[in-house]
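Taking it in order: structure first as structure tokens, then the write-up.
What follows is calculated from the coordinates using simple rules that are stated; it is not laboratory data. All values reported here derive from a predicted model rather than from experimental measurement. Positions of Cβ are generated from backbone atoms using ideal geometry, with glycine treated the same way; all protein chains shown enter the neighbour counts.
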């Protein structure tokens, strides 16, 4: 059978275990949100890597109804429901359709309470800076708390990003006051990532 050729028994069992775990956890996460919505129990927080920030262990991304166009009322309601429940980590990206516009409206009275993350999918410095400017306008804010390199899938992409005129220099060389110095990859990189960081050219 085709499934036998595509998946080994061990891989199939691992996939099944992860699927079962996801199904089992979904009601627990929903229950946690319902309890915290009444403000009787706060969502736990954890340090976010080396950023120095503490964020809730549950975050709100830019998928589902947020990755649409023309569903403003529904999307804004979802965002504000999450914020009212105490979620403080919000993630979006230019590639997520109207997500940034929805966040821009929903965060008007919440910006100081939220750790806001976005991304660039452009692999060049200039293209990434253009995306950053557009993102800030759409999000109606003057800063991001985290700016990520979106969807890295190959060593070749990393070579481009860390090479001359690459996207990494949008963060290293920018003079914008609103951009914090935290730059992290949104996806696990290949083993060459560490070597790429050491060999990147110095700023002129």
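What FRET efficiency comes out for residue 69 versus residue 160 if R0 is 41 angstrom and r is the Cβ-Cβ distance? Round to the nearest 0.05. Present the calculation step by step, with values, prior to reporting the outcome.
On the way: r = 30 Å, r/R0 = 0.72.
About 0.85, to the nearest 0.05.
Kindly identify the range 49-139 as rounded, prolate or oblate by the Cα gyration tensor criterion: order the square roots of the eigenvalues as a ≥ b ≥ c, call it rounded if a/c is under 1.5, otherwise compare a/b with b/c, prolate if a/b is larger, else oblate.
oblate
If you rank 120, 56 by fewest surrounding Cβ atoms within 10 Å, what's the result? All intermediate terms of the calculation are to be shown ahead of the outcome.
Details: 120 27, 56 20.
By the 10 Å Cβ count, ascending, the order reads 56, 120.
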